[in-house]
Each structure stands twice: as C-alpha cells, then as structure tokens.
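This report refers to the structure that appears directly beneath it.
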C-alpha cells in the first residue's frame, strides 16, 4: 500500500525561525478557525443516563460481543461470532448485539441499513472525538511547550524537525563525475593516461588538451576537464587512444559532470521546521553535513494493562485468557510516534490503579479495560478521585464505544481503551493517534477514500471502523471484525470509516491507514 500525502497547513516558507510551540501550531493548522482555548467537554448524557457518563456495558461485554465477538439474534440467543449462517464465515457486516433492534429499520435495495434511529446515549460523535483529542494536545503544547531535543541521525527517524534544515555545505561540494567513464579534455581522440580517478581520492594533476583519464561515478573532476565520456560511449584502439562511439558523437562541455552547488549552496534552506523525518530526510541531512538534528521530542507514554483475568504466557485456562494488548500496544504506540516509557500490568485493584496513574511522569497514560461501569471497572472512580477533567466519555463508534480521554494534569492526559482487542485498536486510532500526532508535531494525513468492493452493514447512528484490504482500486471488508477479534486487523491494510447506516458496493469510503503501511514511523514491519 502506498503512503499518502500530508498536510502541513500554511505554506512551508512561514516555518522559518519558529520555536517548537509555533511549529506545532503550524503543522496542525487546518486553515480554519482556531479552536477555543477551552476544550469542549463530553456531550451531555441522555435522559436517565449515569451523570458520570458511565452508561456502558459491564466488563466482559464492553462491545456487547462478549469475549468471542458474537452477537445475539432477535430471540436473544447468541450467534457464533457474528456468522451469517450460510457458509460458516463471519459476514463483513457482522454486527454487535447493540444492533439487534436495527431490523426495525428499513433496508435499501442493496441491503445496507439506511435508517437513522434516535441517539440513546451521550457519547461524542466520532469526528468530534478525534478533533477534541487534537485540540487537547494543542492546548497542552500552548501551556507547556516541549523543548527541542538534539538527536543523532540514527535516532531521529519519525521525529519532526524543530527548526529548518539548512545546508552546511555546497551539494555537491566539488565538481564530480555523474557516470563511470573517462574525463576528457578537448575534442577527441584522446591519449589515455595510465592513472585513474576514483571516488574519495584526491591529488590528481590537471588534464592537458587531448588527454583522457578513467573516472568513477562520484569522483572529483580533474582540473581543465571538458566533459565526461560514458563507458558505453567510448572505445580504445590498439595504441591506447580513446575514440567516441560513434566517431561523430558531440562532446558537450560539462556533459555528465555534476557541478559544485548543483543541488544547493551552503546556507540554503532545504526543509522547513515541522517536516517529518523520513529515511530520505536522514539521507539529505547527512549529505548536507549534519550529525545530529534538533527535533520535537516524542511524547512519553506509560501503558497500564488492567485485569485479573490476563495471562502473559501459556494457553487460556480456568477462566483466564491471554493478554493480547500488552504485546500489541507498545509497538503500535511507538509507530504512532510515542516513546513508551513503561508497560505495567495491574490487577483489578483500585488503589494500584490510583497509584500508577498519580505516580506516572509520562505525558500520556494509556489504560486497557475498566472503562465501563462493572464491579471491577475502576477507571472512572479513579479519575473522579484525582480531579481529572473528562474530555471524551464514550464515542459514537463501533467497536470501541466505551473509550475515554481525560486531562489528568497540566499538559498530561489519559486515554482509556476498551478491553476488547479490536475495540482497543479503534480507541488508538480515534483518540491516541490524533493526541500523539499533535503532541509530536507530526503532520496530519491527507484524508482519502476508496470505493468498497462489498456492502458493509452499518450501525443506525454510530460510525463503524471495519478492517479492509486493498485490491486494485477497491477496499474489501474483512470478515473477522468483531470487537474481540484480531484476525481481520492482522492482515488489514486500513480501517474503513463506515458512516451510520452502512455503505453500498462502489460507495467511496474514507480509510484510516495503519501505521506500518506508511513511511517515516521509526519502526519497520515486514
């Protein structure tokens, strides 16, 4: 899958001389009105909802797919993993049991639900949740701008330049040969000198008129050279004289010579502040004379994996299950630009959670599970206890509805992910990605869409994020897309953003790239 363009807001020329805070503002400028300094809070809860915003399913049923990702039929029985009952495969439109009442909505001729039922919860709309996360990061940077860091080139991949990259030397720094062949002086034929000119070697005497010398690509051009004759354009006769092939080939002065300063002169600005450091940027920086780069630091992230039921090795047994999020989240967060400073596994212990959150020095704390209102879901009580400000408390998205975002101190945030694996991925891309990207001053990806190969059944009022693979110019929905499932996302190229009501075949749908399908992430997944 190819990487897509990024938007850096104002013209890059405006980045000259900016400090890190201004770079962040520049990179994340959307050309529209700036958000107010006061962050929008969570949407008002629906009538009868828990005023704390905890009106979610209890633990083990966060996405109402259970641990097996199944859903219930209209008669209340659970179907196996959202399967369609025909060939044993899960339908790409397989839905959670929140959606059982959707049968009351009319279907269009293509089979995609288009009914829009009334919203029954106070969750934040999916696009709004992403903007709140980005706005929270902008506010954090305004209140406490991160100082730039000086990073060696081999540690800078995936960072953002905190200042413009200015050439420290001419490129090339001397006249060099663009091809293997002969450096020649004057019109031919030429007498070939026995000495040659190799890259990295100096001290060669000037060429006399009618002389030629073997030269390698990148080697310094001897003084008084007229041009370089490529190897395939010349031949030597029995007396050692060099002739152009064919004999009437014109020798143009400067031919196949890279003159000093052809690419840039010392002092030229090569890249603006706010540029994402990709492998190509590292190569340019090295060529321009840099050993280190000044960059925006990666946001520090602590990961807290919650739950008494999680095993770190072996097979599931006696009601215990393997922890999938502990191995998955740290590399995923690094791919999003974070510096993961610790990963801690905490049982269902309110005091242990309180201690872990209040003693963390990270910019962002990411938790897994405990975001609902079950008997051992301690995250909401902990946030109330420490006086946190809930910015997002539930999102109109499936899977991942019970995700949350809170401000837990000046410039510090907590992202609460649901415990089901694919629901946690949804939370990563909904809240963690815009928060971390903005903190790291990484440019936002340019939105793009691809037509769907097959219909995707939708939720009546929530967005759905569905794993897809790209086949030609179409996105093909993957079958294993239940909230507890990873089999689909493990082979996916992207997540399709399916609007409320679903999408028909051929309908262009926004895609969210997965971090390992784009360049400049600092991690290689092959």
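Evaluate the relative contact order of the stretch 176-258 (contact order divided by residue number), counting alpha-carbon pairs under 8 angstrom at least 6 apart; express in whole percent.
On the way: 200 pairs, mean separation 32.1, N = 83.
Taking the mean separation of contacting Cα pairs over the length of the stretch 176-258, I get 39 percent.
Contact order normalised by length for the stretch 141-292, with contacts defined as Cα pairs under 8 Å and 6 or more residues apart; what percent is it? Don't skip to the answer; put the middle values down first.
Details: 313 pairs, mean separation 57.9, N = 152.
Over the stretch 141-292, the number comes to 38 percent.
PRE reach from residue 352 (point 7 Å along Cα→Cβ): which of the stretch 364-381 fall under 15 Å by backbone N?
368-370, 376-379
How big is the gap, in Å, between the Cα center of the stretch 224-299 and the Cα center of the stretch 379-423?
52
Would you mind computing, in nm to one decimal, how far apart the modelled labels at residue 194 and residue 178 are, each placed 7 Å from Cα along Cα→Cβ?
So the label points at residue 194 and residue 178 sit 3.3 nm apart.
Report the far tail of the P(r) of the stretch 176-258, meaning the percent of Cα-Cα pairs longer than 21 Å.
Working: 512 of 3403 pairs.
More than 21 Å apart: 15 percent of the Cα pairs in the stretch 176-258.
Of all DSSP beta bridges located in the stretch 176-258, what percent are antiparallel, nearest 5? Show your work: numbers first, answer last.
Working: 16 of 20 bridges.
Close to 80 percent.
Tell me, in nm to one decimal, what length is gained between residue 516 and residue 286 on full extension, where the rule is 0.36 nm per residue of separation less the Cα-Cα distance? Mind dumping the intermediate values first?
Details: separation 230, 0.36 × 230 = 82.80 nm, distance 2.49 nm.
Between residue 516 and residue 286, full extension yields an extra 80.3 nm.
Based on the mean of other Cβ atoms within 10 Å per residue, sort peptides 230-240, 135-145 so the most packed one is first. Can you show the working numbers first?
Numbers: 230-240: 12.5, 135-145: 19.5.
So the order, starting with the most tightly packed, is 135-145, 230-240.
Give me the extension gain from residue 239 to residue 223: residue separation times 0.36 nm, minus the current Cα-Cα distance, reported in nm with one decimal.
Values: separation 16, 0.36 × 16 = 5.76 nm, distance 2.51 nm.
Extra length from residue 239 to residue 223 when fully extended: 3.2 nm.
Can you give the log10 of the normalised intensity I(q)/I(0) at q = 0.12, 0.17, 0.26 Å⁻¹, computed with Debye over equal Cα scatterers of the stretch 396-486?
Debye intensities relative to I(0), on a log10 scale: -0.46, -0.87, -1.31.
How much length would be gained if the chain were fully extended between residue 131 and residue 384, taking 0.36 nm per residue of separation minus their Cα-Cα distance, in nm to one decimal? Before the final figure, lay out each step's value.
Working: separation 253, 0.36 × 253 = 91.08 nm, distance 2.35 nm.
Full extension of this stretch gives 88.7 nm more.
Given R₀ = 51 Å, what would the calculated FRET efficiency be for residue 491 paired with residue 249, taking r from the Cβ atoms and rounding to 0.05?
According to the calculation, E is roughly 0.40.
Take peptides 471-478, 126-133 and line them up by average Cβ neighbours within 10 Å, highest first, as a rough protection proxy.
On the way: 471-478: 17.1, 126-133: 20.4.
Highest-to-lowest ranking by the protection proxy: 126-133, 471-478.
Can you tell me the FRET efficiency between residue 410 and residue 262 if r is taken as the Cβ-Cβ distance and R0 is 56 Å, rounded to the nearest 0.05?
Values: r = 50 Å, r/R0 = 0.89.
The calculated FRET efficiency here is 0.65.
So for the stretch 368-526, what are the equivalent ellipsoid semi-axes in whole Å, largest first, each being the square root of 5 times an eigenvalue of the Cα gyration tensor? Let's see the in-between values first.
Numbers: eigenvalues 164, 72, 38 Å².
One finds semi-axes of 29, 19, 14 Å for the stretch 368-526.
With each pseudo-label sitting 7 Å past Cα toward Cβ, what's the residue 169-residue 154 distance in nm, one decimal?
The answer from the label model is 2.0 nm.
No lab work stands behind these numbers, since they all come straight from the coordinates. Predicted model only: the values in this text are computed from it and were never measured. Every residue, glycine among them, receives a Cβ derived from its backbone with ideal geometry; neighbour counts consider all protein chains shown.
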